[in-house]
Amino acid sequence: MDKRVRVLDGGMSRELLRLGAPLRQPEWSAAALMETPALVRQVHDEFIEAGADVITTNSYALVPFHIGEDRFRRDGARLIALAGQLAREAADAHGDRSIVVAGSLPPIFGSYEPARFDPGRVQDYLSVLVRELSPFVDVWLGETLSLIAEAEAARQATAATGKPLWISFTLADGPSAGSEPQLRSGEPVRDAAAWAAASGAGALLFNCSEPEVMEPAIRVARDEIGRSGAALDIGVYANAFEQQQEEAAANESLHDTRTDLTAVTYSRFACEWAAAGANMIGGCCGIGAAHINHLAKVLRSQA
């Protein structure tokens, strides 16, 4: 087992729900930031106590896709800064460990919505996220990105900050998954890895897809990055969503989560990912602090 496996946190939304915070669409996890911010801080604390080395700001839903254009213009900057502050305070409160705060840069025009990407408008929104999160974060995390152009937009938005950039793509899964690992846009993972290797990013990750599709993507990314000679970490944080219909929109309802992905089962996947070449592992939607606690113990016991 790679001794350098870094443990990421898990999904914010279902942990907020477990603690009694509001979770609804379209606001998603932004609702808790607006109404019960103390519970956002509690989730960060619980992931750190579970063994996470990295926590991610709760800024994923702070885009017009979730909170609406008017509310983004009125309250977005304040809420984004609050998300950064809560994560930073949680990290600093655990002074006995060095906890990295990753600034979440979501897909601006919607999760799993590559066709909605608007290159002419994306920087209008990313610039607000970057400006308000900058005082609080150690690295940038462009996450749940469905196409390479979204990743390039995140690279451009953060280039002047001097902070490292991690890019995480979401993969085609369920009925869409084929023999060649692909992003939800249909672009091959091989092309995404080649872009990452040339981009100056510090890490390439895959997230918010089912655990079963992650290992093939890791292997393709590992081989492509190896051929390029670039030095990139590879990471994974899968979700626990039940398989959705192809035409289902990401913000129409609360997805059900799988009952078979226990902490033990998820940790078995984590060990397979580490063996395939991943050295950053955590969880996405539906993967909670109990999962992170177990996989942290398992990974560290095998290091």
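Ala159 to Arg268: extension gain in nm, 0.36 nm per residue of separation minus the Cα-Cα distance?
35.6 nm
Could you give the accessible area per residue of the chain, probe 1.4 Å, as a whole number in Å²?
38 Å²
Is the shape of the stretch 1-126 best called rounded, prolate or oblate, per the rule: a/c under 1.5 gives rounded, else a/b larger than b/c gives prolate, else oblate, with a ≥ b ≥ c the square roots of the Cα gyration tensor eigenvalues?
Here the stretch 1-126 falls in the prolate category.
Calculate what fraction, in whole %, of the accessible area of the chain sits on carbon and sulfur atoms when a 1.4 Å probe is rolled over the protein chains.
47 percent
Which residues' amide hydrogens lie under 5 Å from the amide hydrogen of Leu183, considering only partners 5 or more residues apart or on another chain, with H built in the peptide plane?
Ala172, Val189
Nothing charged except the Cβ atoms of Lys and Arg (+1) and of Asp and Glu (-1): what's the magnitude of the dipole of the chain about its Cα centre? Round to the nearest 20 debye.
That gives a dipole near 720 debye.
Work out the length of the dipole vector of the stretch 1-58 about its Cα centre, built from +1 on the beta-carbon of each Lys and Arg and -1 on the beta-carbon of each Asp and Glu, and round it to the nearest 20 debye.
140 debye
Only bridges whose two residues both fall in the chain count here: according to DSSP, what percent of them are antiparallel, nearest 5?
Of all bridge pairs located within the chain, approximately 15 percent are antiparallel.
Based on a Kirkwood Rh over C-alpha pairs, give the Stokes-Einstein translational diffusion coefficient of the stretch 97-179 at 25 °C and viscosity 0.890 mPa s in µm²/s.
Translational diffusion coefficient: 183 µm²/s.
Per residue and in Å³, how big is the convex hull formed by the alpha-carbon atoms of the chain?
Taking only Cα atoms, the chain has a hull volume of 116 Å³ per residue.
List, in order, the whole-Hz ³J(HN,Hα) value for each residue of the stretch 280-296 obtained from phi through the Karplus relation with A = 6.51, B = -1.76, C = 1.60 and θ = phi - 60°; use x for Gly and Pro.
So the J values, rounded to whole Hz, are 9, 9, x, x, 10, 3, x, 9, x, 4, 5, 4, 5, 4, 5, 5, 4.
For the charge dipole of the chain, defined by +1 on Lys and Arg C-beta atoms and -1 on Asp and Glu C-beta atoms about the Cα centroid, which residue among Ala93, Leu171, Pro188 has the Cα displaced farthest towards the positive pole?
Ala93
When the helix-only estimate is applied to the chain (DSSP H runs of n ≥ 4, each -39,500 (n - 2.57), divided by the residue count), what is the mean residue ellipticity at 222 nm, nearest 500 deg cm²/dmol?
The per-residue figure over the chain is -13500 deg cm²/dmol.
Under 15 Å from a point placed 7 Å out from the Cα of Ala231 along the Cα-to-Cβ direction: which residues of the stretch 132-165 have their backbone N that close?
Answer for this model: 164-165.
So for the pair Glu89, Gln243, with labels modelled 7 Å out along Cα→Cβ, what separation do we get in nm?
4.4 nm
Please report, in debye to the nearest 20, how large the charge dipole of the stretch 6-130 is about its Cα centre when each Lys and Arg carries +1 at its beta carbon and each Asp and Glu carries -1 there.
240 debye
Run the quick spin-label model on Ser127 and Arg300: label points 7 Å from Cα toward the beta carbon, then report their separation in nm to one decimal.
4.3 nm
Among DSSP beta bridges lying fully in the stretch 142-247, give the percent that are antiparallel, nearest 5.
The antiparallel proportion sits near 15 percent.
To the nearest 0.05, what FRET efficiency results for Glu35 and Asp256 with a Förster distance of 22 Å applied to their C-beta separation?
0.40
The values are calculated or read from the model by the stated rules, or taken from the named source; none is laboratory data. It should be emphasised that the depicted structure is a prediction, and the values quoted were computed from it without experimental measurement. Please note: Cβ atoms are built from the backbone with ideal geometry, for glycine as well, and neighbour counts cover all protein chains shown. Accessible surface is based on the protein model in full, side chains and every heavy atom, while ligands, DNA and RNA are left aside. Shrake-Rupley method; radii C 1.70, N 1.55, O 1.52, S 1.80 Å.
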